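Report on one structure; see the data block that follows.
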């Protein structure tokens, strides 16, 4: 016989089974009591929920009734305005065309006259004396004719204009009548059916009726909430009976618990004497059974807790605490400190000065103003250049060949390198006697002092950060390109679209979400740039490469002017927020393949 079979035939098993039976009785009675209690609460809440849903539906219907009339009238008014605009536009075009015809006719007369005058001038130069007299005669006749024709054309134009204006007035009156008729139709629909002796319109009546019902439902909810004690009192005898049964069974079990355990010990001794050997595995079975029972009870309690609390909150809590202590609270402190003259060593000596810090940095701090403009220039240069370069490289590297895979690895390598190490490397390369100027010298070009000249320092740092970030953003764009289904390009081939058309009219629009992500992340990174500026230029020369993040560090950490530094940090945060909002508001598109 196996140990489990011996265990089931043993005295220990029978004694333990008696103990479990008693405990199960208590457990079942407890479950019955808790379930009945829960049912009473849930039934009451269910009634309240149903009434609330009905009331919400009624309020939504009231809102819809109001919107319906407004929307119908708005559409009619908009259609009327559009028609009026079209009529006026048509009339304006006709008038302009007729005026232009008159001007062209008069211009034609002038051109003909000029041609005749030119012929007379040629004859006069040739020595024809009669031509001069003929010219004067023609001139008088032409002027008389021109005046008559001008008067005739202007009168004709005036008559036609009057006719067009009359036609316009008739058309506008017709449109107005049609519009008023439409409004009358709305009046008939919403206002001709009257109730309460003609005092209320159809819509007013419906809104009033539903409002009354909504108010009644609100009262019902209130009454139902207040009726809970009475409702609970009705079910209390049943609940008390179930609770008494549970408590009596629990007391009986507690009283018998010692006796049952003693019976288990005696049964164990009998088993040991019976089998004349070490029968400790009986106790192991008992321990395992007790452990599984406790585990079940723990699971039940856990379910009760999680029924009231969403477990997602517990899982999110560590990250939420980190965000609270290291992001939210410092941000709040920054906002408050920007309004104070801050003394970090003795906070109680800090003095409230309102927006004076902001006024000071914007009006008098030329270094801040330069840093502000440099930040915008740096952000735009790095983002625009990076996106152009990245898209071009990603389009080439998206192919799955050994050469392209190797090129991807090489391009990504700078991204994983330390920014400090890269900055030091580029300091050596951009030195006036560095490798870049040496290469330029081969072509007869005298290279500038890239990092020590005002007009090149910021651009040099921009190129270094672009060079470092290319690999990361190229991989993101490549993943976006690979997500575009192949059948789209097959359809383009069938339509005989060129590669350029396919790229600009299909690939780029479908890449919009990916480009939006690249735009936002790079813009935020550009606004927060610090390490390259600190290592390569220290904000110089003459503040030409000073950006806001480095200015905040310099003013706050080195200059101990924490109030101004906090004000600058608030400005930087607003800048980042504005550009992020602009991107998500105007450039983000949802693409469905």
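Tell me yes or no: at least one residue of region 544-557 is closer than 23 Å to residue 474 by Cα and loosely packed, with under 14 Cβ neighbours inside 10 Å.
No: region 544-557 contains no residue that is closer than 23 Å to residue 474 by Cα and loosely packed, with under 14 Cβ neighbours inside 10 Å.
Find all pairs meeting these conditions: Cβ atoms under 6 angstrom apart; at least six residues apart or on different chains; first residue within region 63-82 and closer than 17 Å to residue 181 by Cβ; second residue modelled with pLDDT of 80 or more.
76/182; 80/179
Under 30 Å from the mean Cα position of the chain (by Cα), under 29 Å from residue 381 (Cβ atoms) and surrounded by 17 or more Cβ atoms within 10 Å (Cβ to Cβ): which single residue out of 464, 474 fits that description?
Exactly one residue qualifies, and that residue is 474.
I'd like the full set of residues that are in a helix (DSSP H, G or I), surrounded by 15 or more Cβ atoms within 10 Å (Cβ to Cβ) and without any contact (Cβ under 8 Å) to a residue 40 or more places away in the chain, limited to region 496-517.
Hits for region 496-517 are 502, 506, 514.
Only one of 366, 413, 409, 401 is out of contact with any strand residue (DSSP E or B) (no Cβ under 6 Å at 6 or more places or on another chain), at pLDDT 85 or above and either farther than 30 Å from residue 562 by Cα or loosely packed, with under 12 Cβ neighbours inside 10 Å (or both). Can you tell me which?
Within the list 366, 413, 409, 401, the selection yields 366.
Restricted to region 545-573, and to residues that are at pLDDT 85 or above and outside any helix (DSSP H, G or I), which residue is nearest to residue 358 (Cα to Cα)?
547
Identify, please: which residue in region 47-63 is at pLDDT below 80 and closer than 22 Å to residue 186 by Cα and is, among those, surrounded by the fewest Cβ atoms within 10 Å (Cβ to Cβ)?
63
Collect the residues in region 438-454 that are in contact (Cβ under 8 Å) with a residue 12 or more places away in the chain and either part of a helix (DSSP H, G or I) or more than 16 Å from residue 544 (Cβ to Cβ) (or both), keeping them in residue-number order.
Across region 438-454, the qualifying residue is only 447.
Among (1) in contact (Cβ under 8 Å) with a residue 12 or more places away in the chain; (2) in a helix (DSSP H, G or I); (3) out of contact with any helix residue (DSSP H, G or I) (no Cβ under 6 Å at 6 or more places or on another chain), there is one condition residue 542 misses while meeting the rest; what is its number?
(2)
Considering only region 382-415, state which residues are over 19 Å from residue 504 (Cβ atoms) and free of Cβ contacts under 8 Å to residues at least 40 places away in the same chain.
399, 400, 401, 402, 403, 404, 405, 406, 407, 409, 410
Scan (1) surrounded by 12 or more Cβ atoms within 10 Å (Cβ to Cβ); (2) in contact with a strand residue (DSSP E or B) (Cβ under 7 Å, 6 or more places away or on another chain) for the single condition residue 352 breaks and write down its number.
(1)
Can you tell me which of (1) surrounded by fewer than 14 Cβ atoms within 10 Å (Cβ to Cβ); (2) in contact (Cβ under 8 Å) with a residue 12 or more places away in the chain; (3) more than 21 Å from residue 105 (Cα to Cα) is the one residue 169 doesn't meet?
Among (1) surrounded by fewer than 14 Cβ atoms within 10 Å (Cβ to Cβ); (2) in contact (Cβ under 8 Å) with a residue 12 or more places away in the chain; (3) more than 21 Å from residue 105 (Cα to Cα), residue 169 violates only (2).
Residue by residue through region 268-288, note down the ones that are at pLDDT below 75 and closer than 30 Å to residue 30 by Cα.
Selection gives 282, 283, 284, 285, 286, 287.
The values are calculated or read from the model by the stated rules, or taken from the named source; none is laboratory data. In this text the structure is predicted, and so the values were computed from the model without any measurement. As a convention, Cβ positions derive from the backbone with ideal geometry for all residues, glycine included, and neighbour counts pool all protein chains shown.
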